[in-house]
1. What residue, among those in segment 363-388 that are of a type in the set (G, A, S) and either without any contact (Cβ under 8 Å) to a residue 24 or more places away in the chain or farther than 15 Å from G410 by Cα (or both), is most open to solvent (accessible area, probe 1.4 Å)?
2. Take the residues in segment 36-66 that are under 23 Å from T188 (Cα atoms) and of a type in the set (D, E), then tell me which one is modelled with the highest pLDDT.
3. Among the residues in segment 292-309, are any surrounded by 20 or more Cβ atoms within 10 Å (Cβ to Cβ), over 26 Å from the mean Cα position of the chain (by Cα), at pLDDT 70 or above and assigned to a helix (DSSP H, G or I)?
4. Report, by residue number, each residue of segment 542-557 that is in contact with a Lys or Arg (Cβ under 9 Å, 6 or more places away or on another chain) and of a type in the set (D, E, K, R).
5. Being closer than 25 Å to R145 by Cβ, without any contact (Cβ under 8 Å) to a residue 24 or more places away in the chain and not polar (S, T, N, Q) is the requirement here; does E182 meet it?
6. Could you please find all residues in segment 389-399 being among the hydrophobic types (A, V, I, L, M, F, W, C) and surrounded by fewer than 18 Cβ atoms within 10 Å (Cβ to Cβ)?
7. Go through the residues of segment 332-343 one by one and say whether even a single one is among the charged types (D, E, K, R) and surrounded by fewer than 21 Cβ atoms within 10 Å (Cβ to Cβ).
Amino acid sequence: MFRLPDAARSWAVLIGTAHYSHPDGPADVPAITNNVLDFRDVLIEGQPGAFAPERSITVLDPCQPKDLGLPLLNAAEAAEDVLLVYYSGHGLIGSKKGELYLALAQTEQRMPSMTACSLDVVREAIQASPARVRVLILDCCFSGRAVTGGLSASDPPVAEQLDIAGVHILVSSPPNSPSRFEEGKRHTAFTGELLRALRNGVEGAGPEGVSLGALFPHLRLALRSRGWPEPQQCGTDTAAHLILSRPRTPRPVGSGDRPGPGVPPGRPTTNPTGPVTERERLHSLLEAGRRLGQGGHARSAASELGNVLDEMTQLLGCEDPDTLAGRIEYAQWLGAAGQVREALDLSTTAVSALTRTLGPDSRATLVGRAQLAHWTGEAGQPTEAARLTGEVVTDLERVLGPDDRETLLGRGRLAHWIGTSGDTASAARLTDVLVTDFHRVLGAEDRDTLVGRINHAQWTGRTGQTRHAVRLLDTLVPDLYWLLGADDLHTLIGRARLGQWTGLSGSPKGARGLYAAVVPDLSRVAGRDARETLLARSQYAHWTGEAGDPGEAIALFRQLLDDLDWILGEQDAVTLVNRARLAHWTGADGDVRAAVRTFHEVLPQLRHVLGADHPEVRANEALLARWRRRADRRLRSEILFGRGRRTADRRRLGQWSNG
């Protein structure tokens with residue numbers, strides 16, 4: 001009964017107008033860009049996704065009706081199974097017939113009929129499509145007019161004009177009501193709830209995913225409970241059984257795995273089982289994806305190259321050395337995109353297969369073991385990661401030699417996990433020696449040498465030598481700039497680390513200035529959702545507070561947490577740590593009651609995720625104790641007598657306290 005689209009015969013057209021250029025145009029809504037891009041990610045997520053990436057079109061900030069009309073018409077004509085059309089932006093009402101217009105980038109509010117796109121354009125494209133199921137989703141003001149019509153009865157609503165089997169319409173608001181968005185939120189109200197439901201599932205939905213029929217009752221209840229406009233829908237039973245996205249669960253490991261970008265250096269090429277030209281083509285595509293990941297786009301790299309690895313499995317076989325090595329690389333980018341547990345599971349099975357197929361001393365097997373150790377640490381076991389990495393480094397030195405690049409990189413990973421386990425002095429010492437060896441073996445201008453210097457500065461600062469860390473980075477950042485380029489990811493990481501240690505060495509205003517400059521550059525180069533960008537945004541918010549502006553720090557943390565909840569999840573350690581930081585600055589801004597309550601909410605979750613002895617947990621326990629002392633003093637009369645009698649009881653409390 002329930003089914004997913006046939007990805008090879010289905011198309012999705014996702015349209016959003018976030019920015020408006022005309023002086024008489026509607027107000028900008030930046031969240032609409034996220035609406036469109038994240039909706040596409042949800043549709044194509046999975047292995048394979050419900051919709052194919054190449055058949056999931058985004059149209060952002062169209063200027064003229066043809067800018068959205070032509071891509072829509074082409075997709076509508078090509079779709080044979082499912083056609084999904086989504087629009088997010090301002091909705092405008094025609095002055096004569098009360099018809100609905102979709103705002104465009106150059107729309108003038110006083111002339112929607114001439115400068116906006118009539119909903120008839122969308123209706124005609126949908127109506128002409130041969131697709132078995134057609135879905136229209138509108139997130140705009142007055143979108144209910146597509147379902148029930150408006151104040152005028154001159155024209156029937158779009159729903160009546162599309163009154164044919166297999167059509168489903170879902171809209172964000174009633175015919176005469178605006179839709180909602182909150183400043184600083186990642187998504188608008190309706191689309192945010194829609195995407196969370198599709199990605200995370202809803203109560204009552206089956207394991208296959210959330211059908212259109214199950215989606216609407218959930219949206220109506222969730223949005224109504226928040227006081228937001230109630231969505232509306234109409235559709236046939238056939239469309240109601242359609243599922244738009246796959247459940248967000250890891251794919252079972254096996255012959256149909258979607259490994260990720262790239263293969264380790266020196267990948268094996270013995271025993272080829274497919275055409276050489278095909279193998280070389282796949283290698284080239286994998287290497288391109290690896291570069292994409294190294295540029296900071298881990299999610300994109302994994303998504304794009306998963307299809308290539310599917311091809312490798314089909315053409316070369318699931319036990320082929322290149323396929324197995326590719327699975328190790330997939331684990332790397334999958335974990336870098338935030339799916340650490342999945343990366344650990346995939347690394348475990350891949351290393352077992354590599355050991356069986358190529359032997360324990362194969363380069364690919366050793367690289368796989370190093371990756372397995374890494375994701376063991378990222379999954380919350382740094383001491384075990386240090387042990388596993390130490391064993392790998394010993395074998396790398398024996399098999400490949402002490403000066404092999406992979407051996408040197410393994411020593412860097414070992415230093416990292418030793419430091420993360422608590423021995424920062426040893427990590428600083430090991431990275432200092434390692435930088436010397438990088439210089440000797442690879443040269444001063446090699447990327448790994450420069451990255452080693454970044455790591456050495458970081459561990460130096462963590463030993464308490466903050467000023468020395470600043471000096472190291474102050475020398476390093478110009479080298480990164482000239483050797484790698486201003487927009488290289490590691491150059492930007494070096495600038496961010498300089499901001500961190502500048503603040504910790506006693507200059508919060510200097511740190512704030514450095515982060516204010518590097519965050520936009522990281523967002524532009526690596527992407528707003530990249531790990532390094534998110535970390536830099538957290539630091540920027542923190543040093544904004546330390547520089548004396550707790551109100552602005554709170555606003556920055558709230559915007560960041562909205563993104564972290566979507567990208568990493570509410571229970572991710574990074575999300576929880578930033579919730580605790582928001583609690584701290586909430587107290588610093590004067591609301592000690594809210595600060596204490598938030599700390600009490602987040603600390604049990606932090607203990608569960610990180611462990612009771614983790615330094616971050618200990619630090620936040622100390623902050624909670626600090627804010628509890630302040631709250632107990634400031635709210636003493638309320639605590640003892642309740643809120644209703646604060647004024648009178650405060651006077652009596654003072655007399656009682658004085659004996």
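The values are calculated or read from the model by the stated rules, or taken from the named source; none is laboratory data. The model shown is predicted, which means the values in this text are computed figures rather than measured ones. Virtual Cβ from ideal backbone geometry, glycine too; neighbours counted across all protein chains shown. Only protein heavy atoms, including side chains, enter the accessible area calculation; ligands, DNA and RNA are left aside. Shrake-Rupley method; radii C 1.70, N 1.55, O 1.52, S 1.80 Å.
1. Among them, the one singled out is G380.
2. If we take residues in segment 36-66 being under 23 Å from T188 (Cα atoms) and of a type in the set (D, E), then D61 is modelled with the highest pLDDT.
3. No, segment 292-309 contains no residue that is surrounded by 20 or more Cβ atoms within 10 Å (Cβ to Cβ), over 26 Å from the mean Cα position of the chain (by Cα), at pLDDT 70 or above and assigned to a helix (DSSP H, G or I).
4. E546, D549
5. It is true that E182 is closer than 25 Å to R145 by Cβ, without any contact (Cβ under 8 Å) to a residue 24 or more places away in the chain and not polar (S, T, N, Q).
6. V399
7. Yes; the residues of segment 332-343 include at least one that is among the charged types (D, E, K, R) and surrounded by fewer than 21 Cβ atoms within 10 Å (Cβ to Cβ).
The rows are residues; the columns are (1) assigned to a strand (DSSP E or B); (2) buried (at least 19 other Cβ atoms within 10 Å of the Cβ).
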site	(1), (2)
L14	yes, yes
H22	no, no
N35	no, yes
F39	no, yes
L43	no, yes
T58	yes, no
P62	no, yes
L70	no, no
